[in-house]
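Each remark here refers to the structure printed beneath this line.
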Amino acid sequence: MTLQEFFQAVPREAVAFSGGTDSALVLWAAKRYGADVCAYYARTAFQPEFEWQDAKRLATELGVTLREVPVDILSVPEAAANGPRRCYYCKQALFQALWKTAREDGYTMLLDGTNASDDAGDRPGMVALRELGVRSPLRECGITKQEVRKRSQEAGLFTWDKPAYACLATRIPTGTPVCEEDLKRVEQAENKMSSLGFTDFRVRLWEGAARLQVTENQLDMLMEKRQEILTALRPYFTAILLDLESRNPSM
């Protein structure tokens, strides 16, 4: 099945739009192939501000209505507790809220951006999506992450080379309860790193310290800008540590 065939068979739908590469292509394809589509952004403490800004920008460029759906994710005990199944409970809460809003708007189909490269065995959140009847056109059409980027570039989407991004809660060690203060300081620290020119990196919380993870090709730059990084991050952490293992882009 092609994306065109998918949207011809499903001509009216809501799209859970994160502002990332995958759901951006889903939204573009829905619009491109003439579907009646509306985008829904679940806004929580787990999402950084730049994702919301990217979502608004792309929706505007595509001419698609975007609705913000606020979700108090820290009020979900299992999500805030940050256990090994946090992602499952988080996705469950987010997509229940998205479904509720979409149904109120008259939509009976909800789509997400899961692609064919996503490993279902490594994504507890995907279990929640299946339970809630969320469909994933990229996965159903066999479109991998590499193909998503290629098609997005051809379509002129600014998200085509956007680094993979996991929510801010992944910066907190599993088993350590998530609080808004920790999420904000991690977000602020990552904003500082971005302003210094770093891409595709993580600032993880480690017993009050920051544990920096960058890709191998940015290690030299990190050492060159060591003092700038220390100055930028010291207000938020007790110490600044470097993780010498290359960062996994999916985490």
(request) Kindly provide the set of residues from the stretch 149-177 that are more than 30 Å from Glu207 (Cβ to Cβ) and either of a type outside the set (S, T, N, Q) or not in a helix (DSSP H, G or I) (or both), ordered by number. (result) Arg149, Lys150, Arg151, Glu154, Ala155, Gly156, Leu157, Phe158, Trp160, Asp161, Lys162
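Kindly establish whether Val15 is crowded, with 22+ Cβ neighbours inside 10 Å, more than 13 Å from the chain's Cα centre (by Cα) and either of a type in the set (A, V, I, L, M, F, W, C) or modelled with pLDDT of 95 or more (or both).
On the way: crowded, with 22+ Cβ neighbours inside 10 Å: yes; more than 13 Å from the chain's Cα centre (by Cα): yes; either of a type in the set (A, V, I, L, M, F, W, C) or modelled with pLDDT of 95 or more (or both): yes.
For Val15, the condition - crowded, with 22+ Cβ neighbours inside 10 Å, more than 13 Å from the chain's Cα centre (by Cα) and either of a type in the set (A, V, I, L, M, F, W, C) or modelled with pLDDT of 95 or more (or both) - is met.
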(request) Those residues that are outside any loop (DSSP other than H, G, I, E, B) and crowded, with 17+ Cβ neighbours inside 10 Å, I need them from the stretch 76-91; list them, please. (result) Ala79, Ala80, Arg86, Cys87, Tyr88, Tyr89, Cys90, Lys91
(request) Determine the pairs where a residue that is at pLDDT below 95 and surrounded by fewer than 19 Cβ atoms within 10 Å (Cβ to Cβ), located within the stretch 158-187, has a partner that is part of a loop (DSSP other than H, G, I, E, B) and among the β-branched types (Val, Ile, Thr) with Cβ atoms under 7 Å apart, the partner being 6 or more residues away or on another chain. (result) Pro163/Thr199
(request) Could you check how many residues of the stretch 189-213 are buried (at least 16 other Cβ atoms within 10 Å of the Cβ), out of contact with any Lys or Arg (no Cβ under 6 Å at 6 or more places or on another chain) and of a type outside the set (D, E, K, R)? (result) 8
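The values are calculated or read from the model by the stated rules, or taken from the named source; none is laboratory data. These figures come from a predicted structure and were not determined experimentally. FYI the Cβ positions are ideal-geometry reconstructions off the backbone, even for glycines, and counts take in every protein chain you see.
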